[in-house]
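Engineer: One structure, pasted below without further comment.
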Amino acid sequence: MLSVSGIVTTDEEILHAIEHIENDDFQVALPILSRAVAFQPNNALAYQLWIMCHIHLGRLEKAFELTETDLSHGMPPVMLNIQKTHDVWLARLWAANRPPLQRPEITS
């Protein structure tokens, strides 16, 4: 994604990631948000979306690890607790509703 100037800002990257998230394309949004967080570690929106992508991709351990480091990214303690509660709820919901793994049909 290039802007008119040819330089992509972090805000533009986040908007691009949100477009992918809205289309349930978390795998594509994840590296975009990773770059945004690398360039702006205190950007709470990018950080929360990054955690959400990890959750939706089933990377719960990584999501919890990132949630634990939220305080170092400028998120106030109250928001951290709300985020943790939300993340746990989403993780449980995802685990309870994901379809069972099925073996592919082998045809000869």
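Throughout, read-outs are computed from the coordinates displayed, never taken from laboratory work. Just so it is clear, the model here is predicted, and its values are computed rather than measured.
Engineer: Want the number for Lys62 to Leu45: 0.36 nm per residue separation, take away the alpha-carbon distance, what's left?
Structural biologist: Gain on stretching Lys62 to Leu45: 4.4 nm.
Engineer: Let me ask something additional. At a threshold of 8 angstrom on Cα-Cα distance, excluding pairs fewer than six apart, so keeping six or more, what relative contact order does the range 19-66 reach in percent?
Structural biologist: Computed over the range 19-66, the figure is 33 percent.
Engineer: Counting pairwise Cα distances across the range 1-66, what percent come out greater than 18 angstrom?
Structural biologist: Tail fraction, whole percent: 32.
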